[in-house]
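Data block below; observations after.
FYI, it's all coordinate maths here, none of it is from the lab. Because the structure is predicted, anything quoted here is derived from the model rather than measured. For neighbour counting, all protein chains shown are included, and Cβ atoms are generated from backbone atoms with ideal geometry for every residue, glycine included.
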Amino acid sequence: VAKDPAAVTKAAIELLADREDVRRGVSFAVRSRRRDKRFPLTSMQLDRAVGGELNDIYGLPVDLKNPGLVVSIEVDRDEVFVFTGGQPGQGGLPVGTSGRGLVLMSGGIDSPVAAYRMMRRGLRVDFLHFSGIPFTTSESIYKAYALARALDKFQGRSRLWVVPFGKAQQSIKASGQERLAVISQRRLMLKTAEEVARRLRAGALITGDSLGQVSSQTLQNITAQDDAVDMPILRPLIGLDKTEIMAEARRIGTLEISELPDEDCCTLLAPRRAETAAKIADLKQIERRLDAEELAVQLAGSLQEYRLQG
């Protein structure tokens with residue numbers, strides 16, 4: 001309505017007409033907020049003026065602590081909004097106000113939820129997917145693309161980057177340290193991601209790790225992974241369990257995509273028994289044999305960009 005106290009009061013009266021809860025004599029409160037401080041009445045004065053009229057006309061009891069009905073008034077720059085009820089918004093911070101991050105995007109349930117949580121806190125994120133090519137098909141890339149598209153509605157202009165990782169995995173497997181293969185792979189992924197992040201001017205890496213969920217996510221193994229890079233690794237899901245993560249994935253629209261079958265690159269390294277307490281010294285010995293630092297630079301150089309369409 002127009003920015004006039006009389007128009008606001010008239011709208012509030014009309015808003016409560018013919019409501020069943022009003023006929024039952026529900027308690028009410030008026031709560032105003034002024035974005036435009038030039039409005040002639042303060043928030044408290046507006047509450048009293050509108051609330052007094054509603055009380056006179058409908059005879060409703062006033063309850064400022066626990067009202068059965070709230071009449072909300074928002075004084076904006078060009079108009080005033082008068083309403084009851086409401087829906088919670090996304091919340092969080094505007095995307096980009098907290099900087100830029102790089103999400104290690106698998107085809108699973110966790111990493112898309114981690115990405116969403118960081119976008120809500122103001123990070124603009126790019127997505128980095130490690131493909132098992134040439135030893136797997138392109139299915140996992142299509143899935144990562146679909147997930148990135150589903151998340152794009154939360155930030156816009158998203159970019160998916162893909163690293164062909166199959167040959168590097170083969171080298172890790174050939175190192176003979178079967179129980180350490182998964183953590184060695186994770187460290188190499190993080191080293192590669194750090195190199196990519198520097199090129200994209202991102203200030204942090206983001207993963208979907210949840211403490212104790214799988215063997216690579218024990219406290220000792222997470223510590224071993226942090227040692228691989230200098231860049232901070234953000235883990236917004238670290239204290240959530242799988243049920244909570246799945247519920248959020250369902251809410252943001254990524255769960256159905258994540259549950260689609262695909263040939264994930266991690267299937268190439270599936271030891272019979274995985275190490276749950278990897279020693280950093282043992283991992284560094286493997287990396288010296290692989291020349292992991294140089295390999296990470298080479299992998300970052302093989303990066304392919306997939307721009308999201310419409």
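Computed quantities for the displayed model
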read-out	value
Two-decimal Rg/Rh across the range 1-150, once Rg and the Kirkwood Rh are taken from alpha-carbon atoms	1.26
Contour minus Cα-Cα distance for residue 138 and residue 250 (0.36 nm per residue)	37.8 nm
Gained length - residue 227 relative to residue 10, 0.36 nm times residue gap less alpha-carbon distance	71.7 nm
Hull shadow area, averaged, the range 171-310 [alpha-carbon convex hull, nm²]	9.8 nm²
Label-reachable residues, the range 13-50, where backbone N falls under 13 Å from a point 7 Å from residue 58's Cα toward its Cβ	13-31, 50
Most mobile of 120, 273, 250 in a GNM of the chain (Cα contacts under 10 Å)	273
Beta bridges by DSSP in the chain, antiparallel share as percent, to the nearest 5	25 percent
log10 of Debye I(q)/I(0), alpha-carbon scatterers only, for the range 65-185 at 0.14, 0.20, 0.23 Å⁻¹	-0.76, -1.07, -1.20
Kyte-Doolittle mean at least -0.5, axial Cα span of 18 Å or more - DSSP H helices of the chain	43-58, 139-152, 181-200
Inter-label distance, nm, simple model (7 Å from Cα along the C-beta direction), residue 37/residue 175	6.0 nm
Sequence-separation-based contact order of the range 1-136, relative, with Cα cut under 8 Å and 6+ spacing, percent	23 percent
Distance (nanometres) between label positions extended 7 Å along Cα→Cβ at residue 288 and residue 198	2.2 nm
Rg to Rh, two decimals, where the chain supplies the alpha carbon set and Rh follows Kirkwood	1.19
Counting all C-alpha pairs of the range 57-126, share separated by more than 15 Å (%)	70 percent
In nm, spacing of pseudo-spin labels at residue 304 and residue 153 (7 Å Cα→C-beta vector)	2.8 nm
